[in-house]
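Peer 1: Next up is a structure, given as structure tokens.
No lab work stands behind these numbers, since they all come straight from the coordinates. All values reported here derive from a predicted model rather than from experimental measurement. Cβ placement follows ideal geometry from the backbone for every residue including glycine, while neighbour counts extend to all protein chains displayed.
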Amino acid sequence: MTQARRPSPLQRRVLIVLAALDAKRPGPVATRDIERVLEQGGDAPVYGPNLRASCRRMEAAGWLRTLRAPNQQLAVELTGTGRDVAEPLYQAARDDEISRQRQLKVHSLPLRQSETGEAMEVLLGDSLHRIRQAVYVIRLDGSTCLQVTNAGGIRQIMEGDPLQVADWYQACYDAGLPVHIQINESQD
């Protein structure tokens, strides 16, 4: 029984680039262009000789077809087997990027402005807090917290389950403080 060959990290990156380009415009791609795209990605430096050697190994595995352009520039294209290997890698890379972007996104729902804008004392749980503003935060992992700005303008995070945070939020709302709900914590 023969074991299927797994692509090296560089080969994975090349296959992902080829699958992405193939989705837009099928056909051969100059290795120099692949090298440029990988350098722009910034994961790790790519050296032309290493890239070409990887392409030769992928050709031997049946994943790529090597061609020469009329100007003698080396170009490669995915074979059917190469597409079968590259497509799941490309899809996983796209999913990872979408997930990374979602983790960084902060989406605020409408807030209620207060006329005074001054800090007020509010009882949250068992303790009294002097607060200017409160934000109910829902993180992508489902956890929640109340992000409060105290009288000195310092932001603090109060961790709690959704019901506990909702009670704190309601107390701030009832006190007339500016409040809103947002997805993910503000980093500024």
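Peer 1: Give, rounded to the nearest 20 debye, the magnitude of the charge dipole that the chain has about its Cα centre when Lys and Arg contribute +1 at Cβ and Asp and Glu contribute -1 at Cβ.
Peer 2: Charge dipole, the chain, about its Cα centre: 1460 debye, nearest 20.
Peer 1: Given only helices, namely DSSP H runs of n ≥ 4 each adding -39500 (n - 2.57), what is the per-residue ellipticity at 222 nm of the chain, to the nearest 500 deg cm²/dmol?
Peer 2: -13500 deg cm²/dmol
Peer 1: What net charge is computed for the residues neighbouring Thr79, neighbours being all others with C-beta under 12 Å from the C-beta of Thr79, Lys and Arg scored +1, Asp and Glu -1?
Peer 2: Cβ neighbours under 12 Å give a net charge of -2.
Peer 1: Answer with a single label: of (i) 10.0; (ii) 38.6; (iii) 17.0, which was calculated as mean projected area of the Cα convex hull in nm² from the structure in view?
Peer 2: Among (i) 10.0; (ii) 38.6; (iii) 17.0, the one derived from this structure is (iii).
Peer 1: Only Lys, Arg, Asp and Glu count, each charged at its Cβ (+1, +1, -1, -1), so figure out the dipole size of the stretch 8-79 about its Cα centre, rounded to 20 debye.
Peer 2: That gives a dipole near 120 debye.
Peer 1: Defining a contact as two alpha carbons under 8 Å apart and six or more residues distant in sequence, what relative contact order in percent does the stretch 31-188 show?
Peer 2: 19
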